[in-house]
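Each remark here refers to the structure printed beneath this line.
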Amino acid sequence: MRNELRGESWQQHRDISPAELDALWREPPYTLGGTNEHFSGSDNMTQGAGEEDDGPVVESGEGVVEPDSYWKKKEAFLRGSTVSLGDKFSSEIVLLFTGRRRSNEDPDRALQEALRTRLRVVESNSQDVIQLFKDLSARLVSVHAEKDSFVLTFKTVEEIWKFSTYLALGYVARCLENFLCDQSFWLDPELLSDLEINVTVNEEHLATLYLGLLLQEGSFFAKALFTRSDENEDDEEQLSFKKNDLLMVRDTGQDNMWEGTLLSTGNHGLVPVNAMQPLPYPFYQWFLRKYPGNTGCSPTEKEAFERAIVTGSCVAVVDYMPEGPEELQLTQGDIVEIQGLLVRGLGVFIGTHASTGHTGFVHKAHVKPHDTMPLDGQLVFLTEEERASLAQVNPCSSEPSDSSLLERLFSSDISSVYRLDRLDESDFMYIRNRPKHDHNITSSTRQSVMSERSGGTPPYHSSPRASVSHSNPRLSFYHSYNPLPQEGERLSFMLDDTFRELDEFQEDPPLFLEENSWEGEDSEHSDPTLTLLNHEHFQEDFLPLYDLQYSFLWVTFSGKTEDELSGHLESIRECAKRMGMHWAHRRACFLLGRLCARKLKFSQARVYYEEALSVRVDSFSDTPLLVALYTNLTAVYLKQRMTDKLPQTLEKASALLLCLPCHTFTSTDEVELLKLLLKRSVVMGDKHLEARVCYLISSLFLHLRKTDDALPFVERLQFLSVSLSAAEGHPIVPVDLNWLLSWLYNRKYMPYLALASLSLDSRQDHSLHNAFQRIELFIRNSVRLNPRWKEGTSLLPAQIVVYLQQALAIAEQGEDMKTQRDLCQGLASVYQQYDALDKAVDCAQRAVETGGHINEEEGFEASVLLGWLLVLTGQAQRAQRVLQPLLTSLQGTDSPTQRGVIHNLLALCLRRQGRIPEAGWHLHSALVISRESGNQRNQALALANLGCLALDVGASCVAERFLVRSLRLFLDLSESPTDEEHVQTYLWLGRSYKDRGRTHDIRASYEMGLLIALHARNLHSQMVVAKVLSRLYADMLLYGQSIVYYEHCVSVSRELKDKRLEGEYLEILSSLYLSLNTERSSRKSLDYTKQSLRISIDLGKREEESETWLQVGRIYYLIHEDELADMYLQVRRNIKFKFKST
């Protein structure tokens, strides 16, 4: 496999596409011939002699990738694909990554080197890399930054299944993008849209690893490569099978024969090893193992319908008299309109006779296409109604929504708290608007966010589809046809037989025949329940009778216990039978069956369901009842393994389940039928049928809040959508499920995958409510990866800019100006945190303009923020032009604190313009206002700014008096978030002493500042103060104390994961130890120099690396280890020569 990507076209190293992975699993490059003795359970697997250990992509002779080169290589590989004894095959696989720019087809060497450097940096913290691949269901063996690769291995089939799925869905590449890209990458929208990371693996190697793991497990599922009949064999122990039959294969220890079980019939016997090919998709292995049982069918021959799922009409090709209930009578040439969908994998569909208007079941073998059309190209296996309802699924809708999200993230006190000045560039920018979770956030004017979030998409309560209402498309179908009574229908089972069977089950209670019966005919007619249940057509009042939650227990029949209700319904059943009220009879039997099934009395439930179906009514007048009856009865047959009765209802129940859009579940037991249908799709190799079944299984599990059970099927559905899209040659994804998957991964505490799927969500129909949910989901999983943010000791992740911009784009389509303003201010806050001040100014300007459209008051806070950002960017005059009108507008108003804020900011502007007296007047005005209002914090800040102003003009004694008074006030504010301002004031106080040579007071001031930073756990403040103290002690020639504080700087750098700073401080420490001129200090210097050398190598700093090699050699020379000194000096010469040659 190639490990070097540089200098080659990026197309040669594209991601493994879903189509390629699909084709690889569908026709894997192996059979089982001769493998029994070669895969004994060890990690060493074998490779055929004809196979070459080639790279993950294929080139033509000219070095250009041919469009069909993958398929040509695959065919060539298959010609010698039998896995047999040969060269040792590694159990490890190499994952290559490469960065590229979409705007340029050539490799970007600088970008690749940047990614490589970043990998070297994170490689030193191996736990982060291990956790990343653990989330991706792979085991990390090693990292090779110079080869742009990770070496992985797998121990189970489930691991390789999940990893291959994540690989095909793009999650592996996106996880690496999130992991390797620097924070500045997310702040540059042009770079963000242009850059992408591709990952590649050797797919054939991956498939062979899969085979080895299957064989190690001892039993697995396989398909037959050819047909074997009893006529050709004399051995009765051998099993007969057809080509493409599915079998469970078990190793019996024999070389050529294994034990096999046909999934379609359950028959057992011996099968030739060379006739079996392991079932290609790992998902199938997992599914068939987790949900065992017969498939109930064999692969079918080619039929008349070429398209997998169609709508339209068909024409009858034979005369047909109904043999079962609810079937249509046909005469050759009759036109039948398809109701809902016609699914190729099913033998029955639902149709309406064009002439008579009757609706019923139609056998697909009795018709041929007439005027059929596939679903829309963007749908393929979902209807438009299902697509819309699936887009609204939110498995976490029951969680309380945070209506103050922007306040929590970007709470700003810009219009109520003074800002501290900066004396020069040596001062660091303290006011970063870092999130604080230990103090209360006051309410502000951001009510727009609350109103939007409370008025957004209603929470999902009862079904992953749209709730049933007057406008529900399913209801429109119920009322869109004019069904007429059907005659000549016969049941294929006898009631006497079923009631006779009921007597054999002793655990079933006796029927309630006499309880609550009525005495007279008038009372029977007047019973409201009997009248309700006897409606001929579907009524919305019937919805509680059919839903999954058994709502009829407290909606339709409130006030009754289940036992009382059973007796009441039994009386209604008997009365309806006597009076010929067929609909009441059918519905009463159905409800009695549901109550029995609820108590796990499946035998009695089956009897009631069969009796309900035997009642002769126009069944399609109440289609939901018909769907519920057939699906529930078939599920009971499956649970009780009644294979003799299953064919009577299976096809019809399958048609009602799969062909009618927006299915509403009535029983959790329906999953039994869906599992059977999914196995059928595996046997038939019908991806469209499989996708539709996966959609329904996912919906049912999500409905039941079984998110862990739903996740594999949602992943499979997303994979099928993408792979079918690639097969068709144009995008056909019915709905992007990344949004749903991100919630599911969040619930499973898989932050890397949650963030990857969230970033890949490409849906364009998100509401503003969804946009805020995306932000919240991003924050929740980012905190899991970086807990320091939750503690308020780290900045917000820069990636949040992407989601804020998406929310802003949605908000701009509406008229909610307040939300637009809040989002602009939030973006400005994030840009300010990362010192992207120009972008912050642009966002603040937009916030001012947006707020101005509302009213003057709404734009005030944004204007103050804009003024402050302009001060930070050195645009003092422009800032003054923004702030001066604000001060004028506040004259005569009852807003003293806001006036004080403007006075304070204007003073900062004027100081930068050299207008010291005017700046002093504004600061004095701000101080007076804060005193009158009793705001101690603002008093302390105003006094500190006056001290800074005094330092600026050289009045250190005056500065000391202001700063000491400020510090006294800060001491009383220990519970407030003032640690950064407090520390800066101590630094200024130390500077005032420095001008007068008061060394002891300088040390005391700086060390007090460090204590406050340590108490507040503010890493940035600790870094600045420790650096100042280190320099102070070095100037005083107190190298021991200086070393202590520089070592603290190294410790803080490591907590911040800032390799550049760590390397700088290590070099300084090395020099300080070397200056002590002892053998012990020299060895300590050597240790720090080697650590610095490693960082220089990781960061790709060639010149610094060369000098550090030289420095190590010098130190070895000083401690008289000449051989090591010569070795390091020789390495330095080699690096210098290599550096010059390149």
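The values are calculated or read from the model by the stated rules, or taken from the named source; none is laboratory data. Just so you know, these numbers come straight off a predicted model, no measurement behind them. When we count neighbours, we look across all protein chains shown, and the Cβ atoms used for this are built from the backbone with ideal geometry, even at glycine.
When residues in region 1072-1088 are screened for being more than 13 Å from Tyr1116 (Cα to Cα) and either modelled with pLDDT of 85 or more or aliphatic (A, V, I, L, M) (or both), 2 of them pass. Residues that are hydroxyl-bearing (Ser, Thr, Tyr) and either outside any loop (DSSP other than H, G, I, E, B) or without any contact (Cβ under 8 Å) to a residue 24 or more places away in the chain (or both) within region 380-394 comprise just one, Ser389. Are any of the residues in region 965-983 in a loop (DSSP other than H, G, I, E, B), without any contact (Cβ under 8 Å) to a residue 12 or more places away in the chain and within 24 Å of Trp868 (Cα to Cα)? Checked against the condition, which is being in a loop (DSSP other than H, G, I, E, B), without any contact (Cβ under 8 Å) to a residue 12 or more places away in the chain and within 24 Å of Trp868 (Cα to Cα), region 965-983 yields no hits at all. Out of Leu1066, Leu1099, one residue alone is modelled with pLDDT of 80 or more and not assigned by TED's automatic domain parsing to the domain that holds Leu115. It is Leu1066.
Being among the small types (Gly, Ala, Ser), touching a Ser or Thr at 6+ places or on another chain (Cβ under 8 Å) and on the phi < 0 side of the Ramachandran plot holds for only one residue in Ala173, Ala110, Ala114, Ala138, and it is Ala138.
Does any residue of region 709-719 turn out to be touching a helix residue (DSSP H, G or I) at 6+ places or on another chain (Cβ under 6 Å) and not in a helix (DSSP H, G or I)? Checked against the condition, which is being touching a helix residue (DSSP H, G or I) at 6+ places or on another chain (Cβ under 6 Å) and not in a helix (DSSP H, G or I), region 709-719 yields no hits at all. Regarding Ser90, is this residue surrounded by fewer than 19 Cβ atoms within 10 Å (Cβ to Cβ), more than 30 Å from Leu740 (Cβ to Cβ) and among the hydroxyl-bearing types (Ser, Thr, Tyr)? The answer is yes for Ser90. Given the criteria closer than 30 Å to Leu119 by Cα and free of Cβ contacts under 8 Å to residues at least 40 places away in the same chain, does Asp1035 qualify? So Asp1035 fails the test. Hey, can you tell me all the residues within region 654-675 that are closer than 19 Å to Ala308 by Cα and of a type in the set (A, V, I, L, M, F, W, C)? Within region 654-675, Ala655, Leu656, Leu657, Leu658, Cys659, Leu660, Cys662, Leu674 qualify.
Residue count for region 888-920 satisfying the condition of being in a loop (DSSP other than H, G, I, E, B), more than 20 Å from Leu949 (Cα to Cα) and not small (Gly, Ala, Ser): 3. Given (1) within 47 Å of the chain's Cα centre (by Cα); (2) crowded, with 16+ Cβ neighbours inside 10 Å, where does Glu1103 come up short, assuming only one miss? Condition not satisfied by Glu1103: (2). Counting only residues that are in a helix (DSSP H, G or I), surrounded by fewer than 21 Cβ atoms within 10 Å (Cβ to Cβ) and over 25 Å from the mean Cα position of the chain (by Cα), region 684-705 holds 1 of them.
For every residue, the table says whether it meets (1) touching a helix residue (DSSP H, G or I) at 6+ places or on another chain (Cβ under 6 Å); (2) among the charged types (D, E, K, R); (3) outside any helix (DSSP H, G or I).
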position: Ala844; (1), (2), (3): yes, no, no
position: Thr850; (1), (2), (3): yes, no, no
position: Glu861; (1), (2), (3): no, yes, no
position: Val864; (1), (2), (3): no, no, no
position: Ala879; (1), (2), (3): yes, no, no
position: Leu883; (1), (2), (3): yes, no, no
position: Leu886; (1), (2), (3): yes, no, no
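Can you run down the residue pairs with Cβ atoms below 6 Å, 6 or more apart or on separate chains, where the first is in region 563-585 and under 21 Å from Ser621 (Cβ atoms) and not assigned by TED's automatic domain parsing to the domain that holds Ala605 and the partner is polar (S, T, N, Q) and modelled with pLDDT of 90 or more? Between residues of region 563-585 that are under 21 Å from Ser621 (Cβ atoms) and not assigned by TED's automatic domain parsing to the domain that holds Ala605 and residues that are polar (S, T, N, Q) and modelled with pLDDT of 90 or more, there is no close pair. The combined condition, being over 30 Å from Asn746 (Cα atoms) and at pLDDT below 85, is fulfilled by Leu111.
Take the residues of region 821-857 that are acidic (Asp, Glu) and surrounded by fewer than 19 Cβ atoms within 10 Å (Cβ to Cβ): which is farthest from Phe410 (Cα to Cα)?
Glu856
If you check Val317, Val348 for being at pLDDT 90 or above and under 17 Å from Phe620 (Cα atoms), only one passes: Val348.
Count of region 163-188 residues, restricted to those that are of a type outside the set (A, V, I, L, M, F, W, C), in contact with a Leu (Cβ under 8 Å, 6 or more places away or on another chain) and under 30 Å from Gln216 (Cα atoms), is 4. Among the conditions (1) surrounded by 18 or more Cβ atoms within 10 Å (Cβ to Cβ); (2) over 23 Å from Arg120 (Cα atoms), Ser1070 misses just one, which is (2). Across region 248-290, the number of residues qualifying as part of a strand (DSSP E or B) and either in contact with a Lys or Arg (Cβ under 7 Å, 6 or more places away or on another chain) or farther than 23 Å from Leu206 by Cα (or both) comes to 12.
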